[in-house]
Amino acid sequence: MAALQSIRKRGVLLVTIIAIALFLFVAGDLFRGLETFFQHSGQQVGEVDGKTVSIQDYQKMIDDLQTYYEIVQQKSSFSEDELNRIKDEAWQNHVQSELIKKECDEVGISVTDEEVSEILKSGYSQALQVPIFMNQQTGRYDYSMVNTFLSEYKKLKDAGSQIPESYTKIYKYYMFAQRQIRDQILVQKYQVLLSNCFLSNPEEAKLSFEGRAEESEILLASIPASSVKDDDIKVSDEEINNKYKEDKEKYKQFVESRDIKIIDVHVTASDKDKKTIEGEVSAAAANLAKATTNTEAGNVVRQSSSLVPYTDIYKTKEAFPTMISAVLDSAAVGTVANTVYDGMTNTYYTYKLLGKTTQADSVLYRQIGVIGKDEADIANKADSIVKAIASGASFKEIAKKYNQEGDSTWIASSQFQNAALDADNSSFVSTLYGMSAGETKKLKLDNGTVILQVLKTANPVTKYNVASVVKELKFSDETYSEAYNKFSSFVAENKTLKQIEDNASKNDYVVRPIDDIAKEAHGIANIHSTRDALKWVFDEAKEGDVSQLYECGSNDHLLLVILTNINKVGYRPVDKIKETLTAEIKNDKKIEKIYESAKAAKSIDDAKKMKDVVVDTIKHVSFNNPSYIAATGASEPLVGAAAAKTAKGAFASAFKGNKGVYMLKVIDKTKTSEKFDAKSEQASAAMNNFRLATSSILTTLYLKADVQDNRYKFF
């Protein structure tokens, strides 16, 4: 009873404790769920029609497309800009595929495995036109080669064997090609469906043909709108507002963007840095001049840490940097160049021409590697082989005794002259290219002895032995520190946009505006490695905020960003596009002013008397093809229209164009030899209507799908 009484006294406390415990238990699951949700959402690069795209899925799209380009372009690495283009293309392909798949699903359009198989067998797809699927004899796509590869790949996989990396890449490419083909067929079916929705009629077909078939030769008088000074044209706020209302739909924004201002400090070499590098190259030039052997010259190159390594072999001039190769033909052997700065490569350089000769560009040769108990045994065997071959013994038969094929192979200068060759390879190349056709030689190398036989030489060219010292002009750590400390102090002392703009020029900085940066941008101001700054702009900054100092580029840029405006989805405010509207109104007013004075002209001779007029003869003017007018720098459809409705010899009085006022006289009218085919012309007109509508259709699908692109978080 005492215990029960004690519990009753503490009842409220116990209930409270139990309630808290239960809450913590439930909340634990809730927090774990929220944590999982945020982790998951943090891995999303975007969304298409409600379907999220994870970073893992997106990375696979990029990898697949990169493999495609590696095989198609036969290259193994890409620049940062090339990789960015691949990333964009992978995303765009995915978005378009999802948009069209949804439309096709709704109307029951699909692609069967049989349709894909038919394309794979025929090779009727650009994705299959790659060297790995080509028959070397016919130069054409060969499905049997694909089947053979797939069979070998399956055997290796089923056997659990290690699959070569090259096989894995080809298989990956083949699977990607299949998906591409399936998507291509679906797009084609969708396009056919859409194209059948666009019709034409006999009257449109006839007008379209006549607009193309009839051509005029005209004498055109042009008065550019630019001939009127800007200061002579006044634009009121009322006119700007009216123009905005009239063209408001042009200024509808479908994607949120940002306006920013930046200070970009590009760190470059100081005068002191330049003198240091120039001094190092000049010292190397002096040492090259003292060098009496190729080995000594090569040591000078190595000790200078030249960007162009020295190899003691003769090379074609294409193997050397452009600024050196350009002067080799006229340089004498023994020449040591003065130290020169080359702005194209941002390098200081010198060189010494050690030798010049004529050699074959390609050599057909064969070899035998000599094996023995010791050095003496190897030397005896090598001598015996050379004597036997000289006496008429079969090279291939001797090779077989050493378990070698002894087959011949071609070697070309391009295969080795840009490579960093060690001593053995340099000796091998020098010996091989120093031999004549039919000659056999023994060559002792550090890694063994070989018997070389040259069968044929081809394409004799001039080659050079050059010791080049080339050093990039870089800024020093001291220079970078000075730039960083100066800019860091500026950032610390100027916290607002007004302070930054007031004081930037005093410190030799430039504040640069950049408008309408969108999320799909890969960086800021074409500077590499600005992802953190871009994320700050979209994820953290509020209007008026000033960023931290970012170190970016190739460790040679210092960046400060100020967010000045957030452009929401919807209509751009009138004050945001005031300059654009003002320019359009001024252009219209200039044209109207010119027109008022030009409309009195009754002939081309009257037009020639007008101020600022430019008169040209233009041929092949037709209604269908807008004329580009050099005098005004604009495409002017009305010139073609006016010429079409004006009779031969008649004058068309002044009319307004996009960038000026025009008058013309038709000198001649001709018809092309093309014959009118009503059925063909009508089909062509319908297809043209479809092409014109395609872009707006895809835009509509894109907007309808509410595509969210957050890739900037992962660039």
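The values are calculated or read from the model by the stated rules, or taken from the named source; none is laboratory data. Keep in mind that what you see is a predicted model, and the values were worked out from it rather than measured. For neighbour counting, all protein chains shown are included, and Cβ atoms are generated from backbone atoms with ideal geometry for every residue, glycine included. To get the accessible areas, we keep the full protein, side chains included, count just its heavy atoms, and leave off ligands, DNA and RNA. Shrake-Rupley method; radii C 1.70, N 1.55, O 1.52, S 1.80 Å.
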Considering T316, T358, which residue is in contact with a Pro (Cβ under 7 Å, 6 or more places away or on another chain) and under 30 Å from Q453 (Cα atoms)?
T358
Within segment 658-683, which residues are surrounded by fewer than 16 Cβ atoms within 10 Å (Cβ to Cβ), among the small types (G, A, S) and either in a loop (DSSP other than H, G, I, E, B) or in contact with a helix residue (DSSP H, G or I) (Cβ under 8 Å, 6 or more places away or on another chain) (or both)?
S673, A678
Go through (1) open to solvent by 50 Å² or more (accessible area, probe 1.4 Å); (2) more than 30 Å from V661 (Cβ to Cβ); (3) not in a helix (DSSP H, G or I) and name the single condition K272 misses.
(3)
Out of A483, A467, A399, A423, which single residue is among the hydrophobic types (A, V, I, L, M, F, W, C) and loosely packed, with under 15 Cβ neighbours inside 10 Å?
A423
Could you check segment 163-180 and list, in sequence order, the residues that are in contact with a Leu (Cβ under 9 Å, 6 or more places away or on another chain) and within 20 Å of S117 (Cβ to Cβ)?
Y171, Y174, F176, A177, Q178
What number of residues in segment 529-544 are free of Cβ contacts under 8 Å to residues at least 40 places away in the same chain and either assigned to a helix (DSSP H, G or I) or over 11 Å from L563 (Cα atoms) (or both)?
6
Within segment 182-237, the residues that are within 30 Å of T617 (Cα to Cα) and aromatic (F, W, Y) are F209
Positions within segment 255-298 being among the small types (G, A, S) and out of contact with any helix residue (DSSP H, G or I) (no Cβ under 8 Å at 6 or more places or on another chain), in sequence order
S257, G279, S282, A283, A285, A286, A289, G298
State which residue is farthest from F395 (Cα to Cα) when the search covers only segment 432-452 and only residues that are open to solvent by 60 Å² or more (accessible area, probe 1.4 Å) and not in a loop (DSSP other than H, G, I, E, B).
K444
Scope segment 195-240; condition assigned to a loop (DSSP other than H, G, I, E, B) and either of a type outside the set (S, T, N, Q) or touching a Ser or Thr at 6+ places or on another chain (Cβ under 6 Å) (or both); matching residues
C197, F198, L199, V228, K229, I233, K234, V235
Inside segment 569-614, can you point out the residues that are touching a Ser or Thr at 6+ places or on another chain (Cβ under 6 Å) and either over 28 Å from M663 (Cβ atoms) or of a type in the set (V, I, T) (or both)?
V614
Out of all the residues in segment 175-231, which are in contact with a strand residue (DSSP E or B) (Cβ under 9 Å, 6 or more places away or on another chain) and open to solvent by less than 30 Å² (accessible area, probe 1.4 Å)?
A213, S216, I218, L220, A221, S222, I223, P224, A225
Does N418 count as open to solvent by 20 Å² or more (accessible area, probe 1.4 Å), out of contact with any Phe, Trp or Tyr (no Cβ under 9 Å at 6 or more places or on another chain), assigned to a loop (DSSP other than H, G, I, E, B) and of a type in the set (S, T, N, Q)?
yes
Scanning segment 379-392 residue by residue, the ones that are open to solvent by less than 60 Å² (accessible area, probe 1.4 Å) and under 57 Å from the mean Cα position of the chain (by Cα) total 5
How many residues, within segment 129-149, are modelled with pLDDT of 85 or more and either surrounded by 12 or more Cβ atoms within 10 Å (Cβ to Cβ) or closer than 19 Å to Q74 by Cα (or both)?
8
Considering only residues that are in contact (Cβ under 8 Å) with a residue 40 or more places away in the chain, open to solvent by 70 Å² or more (accessible area, probe 1.4 Å) and closer than 19 Å to A221 by Cα, which ones fall in segment 574-599?
K593, K599
Could you tell me how many of the residues in segment 103-152 are in a helix (DSSP H, G or I), more than 30 Å from L703 (Cβ to Cβ) and in contact (Cβ under 8 Å) with a residue 40 or more places away in the chain?
7
Within segment 305-325, residues within 18 Å of N346 (Cα to Cα), out of contact with any Asp or Glu (no Cβ under 7 Å at 6 or more places or on another chain) and in a loop (DSSP other than H, G, I, E, B) come out as S305, S306, V308, P309, F320, P321
Between I517, I527, which is in contact with a strand residue (DSSP E or B) (Cβ under 6 Å, 6 or more places away or on another chain) and under 16 Å from H266 (Cα atoms)?
I527
Pick from segment 466-520, criterion part of a loop (DSSP other than H, G, I, E, B) and either among the basic types (K, R) or at pLDDT below 95 (or both), ranking: nearest to the chain's Cα centre (by Cα)
E520
Hey, can you tell me all the residues within segment 47-79 that are β-branched (V, I, T) and either open to solvent by 70 Å² or more (accessible area, probe 1.4 Å) or assigned to a helix (DSSP H, G or I) (or both)?
I55, I62, T67, I71, V72
From the options K252, K243, K234, residue that is among the basic types (K, R), closer than 30 Å to I514 by Cα and surrounded by 13 or more Cβ atoms within 10 Å (Cβ to Cβ)
K243
Taking the conditions exactly as written (farther than 25 Å from E114 by Cα and in contact with an Asp or Glu (Cβ under 8 Å, 6 or more places away or on another chain)), does K206 satisfy them or not?
yes
Which residues, counting only those in segment 162-174, are open to solvent by 40 Å² or more (accessible area, probe 1.4 Å) and either in contact with a strand residue (DSSP E or B) (Cβ under 9 Å, 6 or more places away or on another chain) or not polar (S, T, N, Q) (or both)?
I163, P164, E165, Y167, K169, Y171, K172
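Conditions tested, residue by residue: (1) in contact with a Lys or Arg (Cβ under 6 Å, 6 or more places away or on another chain); (2) free of Cβ contacts under 8 Å to residues at least 40 places away in the same chain; (3) in a strand (DSSP E or B); (4) more than 26 Å from N459 (Cβ to Cβ).
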| residue | (1), (2), (3), (4) |
| --- | --- |
| Y341 | no, no, yes, yes |
| M344 | no, yes, no, yes |
| Y351 | no, no, yes, no |
| I378 | no, no, no, yes |
| D383 | no, no, no, yes |
Hey, does segment 627-639 have a residue that's surrounded by fewer than 17 Cβ atoms within 10 Å (Cβ to Cβ), among the β-branched types (V, I, T) and within 18 Å of S216 (Cα to Cα)?
no
Can you confirm whether segment 571-583 contains a residue that is within 30 Å of G523 (Cα to Cα) and in contact with a strand residue (DSSP E or B) (Cβ under 6 Å, 6 or more places away or on another chain)?
yes
